[in-house]
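Worksheet: the structure to be examined is printed underneath.
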Amino acid sequence: MDAVAQQFIADACNGTVRLIANHLDAGDDQEYFLKEQEVREDNHIPATDPILFLEIKVSDASKFEDTLRVRGIQVHHYRILRAESSAVPNAIAAFLLYLRNHTQKLPHVYFSWGDGNSLQYALRFILFGEGDIPLLTRKVLRQAEKDPAQRPGIHIGG
């Protein structure tokens, strides 16, 4: 993590570490405002609880790396953690486990439910490293951490 990302995480560790998984679109205030509002309402997250956005951009889906580089970016008052990976669910799961191990807190990640069917998601995962990201992230976490009490929280809303 770069220094900005490290500071974002340090600041978030005063309470529950909450991340909103976001697919980067415009990257403007409006995008983050709407996403935060949706996730807070769907998951009953108090307005006073800090949140961070987590965005994983798919790099070459055939190129696997063992290091995830996370950058901290601020857009207005929104704090965003951005990284690139060949597989979004794997990157999210790895980052959640990293946070758990380094903060000694179980982080929580919040997803919005996407519309689509399983076959489309499977093909998108095979071809582009993305797909039914919430469920695939959960599956990766279940394989990586056998103790359910030690698994980061996965929340799917809307």
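Each reported figure results from applying straightforward, stated rules to the coordinates on display, with no laboratory input. This is a predicted model, so every value here is computed, not measured. Cβ placement follows ideal geometry from the backbone for every residue including glycine, while neighbour counts extend to all protein chains displayed.
Length available on full extension from Glu145 to Ile73: 0.36 nm per residue minus the Cα-Cα distance, which gives 23.0 nm.
Of the peptides 15-27, 32-44, how do they stack up when ordered by the mean number of other Cβ atoms within 10 Å, highest first? Display every interim value, and only then the final one.
Details: 15-27: 17.3, 32-44: 15.3.
Sorting 15-27, 32-44 by mean packing, highest first, produces 15-27, 32-44.
Other residues with beta-carbon under 13 Å from the beta-carbon of His44 carry, at +1 per Lys or Arg and -1 per Asp or Glu, a net charge of -2.
Couplings 3J(HN,Hα) for region 53-58, derived from phi with the Karplus relation 6.51 cos²θ - 1.76 cosθ + 1.60 (θ = phi - 60°), are 8, 10, 10, 10, 8, 7 Hz, where x marks Gly and Pro.
Which lysines does Lys57 reach when only Cα atoms under 22 Å apart count, and residues fewer than 8 places away in its own chain are ignored? Qualifying lysines at Cα under 22 Å: Lys35, Lys139. Net charge in the neighbourhood of Pro107 (other residues with Cβ under 9 Å of its Cβ; Lys, Arg +1, Asp, Glu -1) is +3.
With K and R counted +1 and D and E -1, the other residues having a Cβ less than 9 Å from that of Glu145 yield a net charge of +3.
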